[in-house]
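The values are calculated or read from the model by the stated rules, or taken from the named source; none is laboratory data. On a predicted model such as this, the values are computed, not experimentally measured, just so you know. Glycine also receives a Cβ, built like all others from the backbone with ideal geometry; neighbour counts cover every protein chain displayed. In case anyone asks, the SASA skips ligands and DNA or RNA and just uses the protein heavy atoms, side chains included. Shrake-Rupley method; radii C 1.70, N 1.55, O 1.52, S 1.80 Å.
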Amino acid sequence: MNAPSVDWHARAAAIQIDGRAFIGGQRVAAVGGETFACVSPIDGRTLTQVARGQTADINAAVASSRKAFDDGRWAHKPPAVRKKILQRFAEKILAAKDELALLESLDMGKPVQYSLGVDVQAAARCIAWYAEAVDKIYDEIAPTARNALALITREPMGVIGAVVPWNYPMIMAAWKLGPALAAGNSVVLKPSEKSPLTALRLAELAIEAGLPEGVFNVVPGLGHEAGEALALHMDVDAIGFTGSTRVGRKMLGYAGRSNLKRVYNELGGKSAFIVFPDFDDIPRAAKTVAGSMFFNQGESCNAPSRVFVHDSIADEFVRVVAAETPKYAPGDPLSGTAQMGAIVDEVQLRTVLGYIAAGSEDGARVAAGGKQVRLDSGGHYVEPTVFDGVTNQMRIAREEIFGPVMSVIRFKTEEEAVAMANDSSYGLQASVWSHNINRAHRVARALRAGTVHVNQYDEDDITVPFGGFKQSGNGRDKSLHAFDKYTELKTTWLRID
Ligand code: NAD
């Protein structure tokens, strides 16, 4: 995965970036001509100006997608044809991997070898996987009486609005695009204003692969402008949203105020990682939680940010986790070797530092990190931070920080650990570490989360659903279940005389 042989700085200096929107198969400036500056968190440099889409741009994109849907240029193609075009789209993504990886890192600050080895690969695999699935799914015939026939078929919904965050910009876009396009829908994608660049390139690659014009449009812009206009649009049939619980709540409101479009929310998390003393390899558990927590600068919805450790092993556990943190010291994201990069922007940096201050104010102890670093870079970097002595009531345990900050909370009994783990408004993921098979199953069943890991945290694949219980959202990305979000079920009754 490491690619130190590539001079990413030289490539960054040479790269040409087009920040215009992508509507109807071509690049276009915003109707009002407005732009916003796309600033790199790596060094504070302005990368380019990006089209600041507003209602008029959203209207144009939705009209283009609606026309493309209604005339059947994509939806009516045989599934095997859609498959081939989407497979080519995945191949194009892989062929452009260096450029996409560089854009992703410049835009949101993650280490470039991970953009290359994780983000580009996962986005391409997602598109290819849905492409391969779409001509292998059959509809149903209901078990009715002999004088009737009831067909249960899936139909594409129409125009899907996809609104995505900045932490995994390409992957989050692919999780919407894969199932929505494979099922025959048209998509208007609104990337985060903090990371719009790869989404715009994806749209160009899709057209090169043979996707008809208008089937996939991208309108960059601010959330309360382009995002709101898309979610309020009367001709959008569903919103596939990934982002904060705060905005997810608004999405439901926009649907209520407009056409009752379906809203699928994939929201925040505060995932619990529970370590019991009967797990015989404490260092493995501690190293795993450090790796999962500090990956992507801690800007992961499923980061295991609440770590519940049994009293009897907590001192050793905290010592090992703290000793791991230097491995994740923030470095230059374009070096090809740094394990942690830059925090996405100044606002997020202030949020993370604010929570670190709140942890100390509320009485938790900093066991590692806690400071802003690399100040002379012009970018935004925070040390991997571990708090010990946290209670489940403290702000750092209740609120999603979305930065490299881990809270260690001690417990005495299994019941107490499960009760605290479930005492959260979120329910995205959880993990239980125990060699007692009964306990592992018992606790896994008791945890209210969309995914529960046992004795690991890193397994993931496009084949399994991803999403949360409670205020972590509804619906599921990934796996065949994602087709449920972007298709309508139709029953057709026939009488047989
Ligand atoms: P955010 O909610 O601030 O923004 C997400 C998207 O919504 C952006 O494109 C933004 O422009 C848009 N938006 C903002 N305000 C809007 C409004 N009023 N109307 C319409 N659109 C609006 O989230 P973020 O800071 O970009 O991302 C971080 C959040 O995403 C975290 O909470 C994280 O847990 C969550 N996330 C969840 C998953 C998951 O699968 N559950 C995956 C990744 C990230």
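Could you calculate the contour length gain from L149 to L375, that is, 0.36 nm times the residue separation minus the distance between their Cα atoms, to one decimal place in nm?
So the extension gain works out to 74.4 nm.
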E416 neighbourhood, Cβ < 11 Å, K/R = +1, D/E = -1, net charge -2
Vicinal HN-Hα couplings computed from phi for the range 468-476 (Karplus, 6.51 cos²θ - 1.76 cosθ + 1.60; Hz; Gly/Pro x)
x, 7, 6, 7, 7, x, 9, x, 9
Residue-normalised 222 nm signal for the chain, counting each DSSP H run of n ≥ 4 as -39,500 (n - 2.57), nearest 500 deg cm²/dmol, is -11000 deg cm²/dmol
Rg to Rh for the range 195-300: what is it, with Cα atoms only and Rh by Kirkwood?
1.14
Restricting to DSSP loop positions (anything but H, G, I, E, B) with no more than 16 other Cβ atoms inside 10 Å of their own Cβ, which chymotrypsin sites (Phe, Trp or Tyr not before Pro) remain in the range 232-277?
none
Straight-line reach from K110: which lysines have a Cα under 27 Å away, not including same-chain ones fewer than 8 places off?
K92, K97, K176, K190, K194, K270, K287, K327, K371, K478
Kirkwood-based Rg over Rh for the range 1-108 (C-alpha set), two decimals?
1.06
From largest to smallest, what semi-axes in whole angstrom does the range 119-201 give when each is the square root of 5 times an eigenvalue of its alpha carbon gyration tensor?
34, 14, 8
GluC sites (Glu not before Pro) lying in DSSP loop within the range 405-478, provided at most 12 other Cβ fall within 10 Å
E459
So, relative contact order of the chain in percent, Cα under 8 Å, 6 or more apart, is 18
Take T46 and I15, extend 7 Å from each Cα along the Cα→Cβ direction, and tell me the distance between the two endpoints in nm.
1.8
Can you compute 3J(HN,Hα) from phi for each residue in the range 381-389, using the Karplus curve 6.51 cos²θ - 1.76 cosθ + 1.60 with θ = phi - 60°, rounded to whole Hz and x for Gly and Pro?
9, 10, 5, x, 10, 10, 9, 10, x
Carbon and sulfur %, accessible surface of the chain computed with the full protein complex present, 1.4 Å:
53
Length gained if R398 through R445 is fully extended, taking 0.36 nm per residue and subtracting the Cα-Cα distance, is 14.7 nm
The chain: D in µm²/s via Stokes-Einstein (Kirkwood Rh, Cα pairs, 4 °C, 1.567 mPa s)?
55
Stokes-Einstein diffusion coefficient of the range 51-160, Kirkwood radius over Cα pairs, 10 °C, 1.306 mPa s, in µm²/s
92
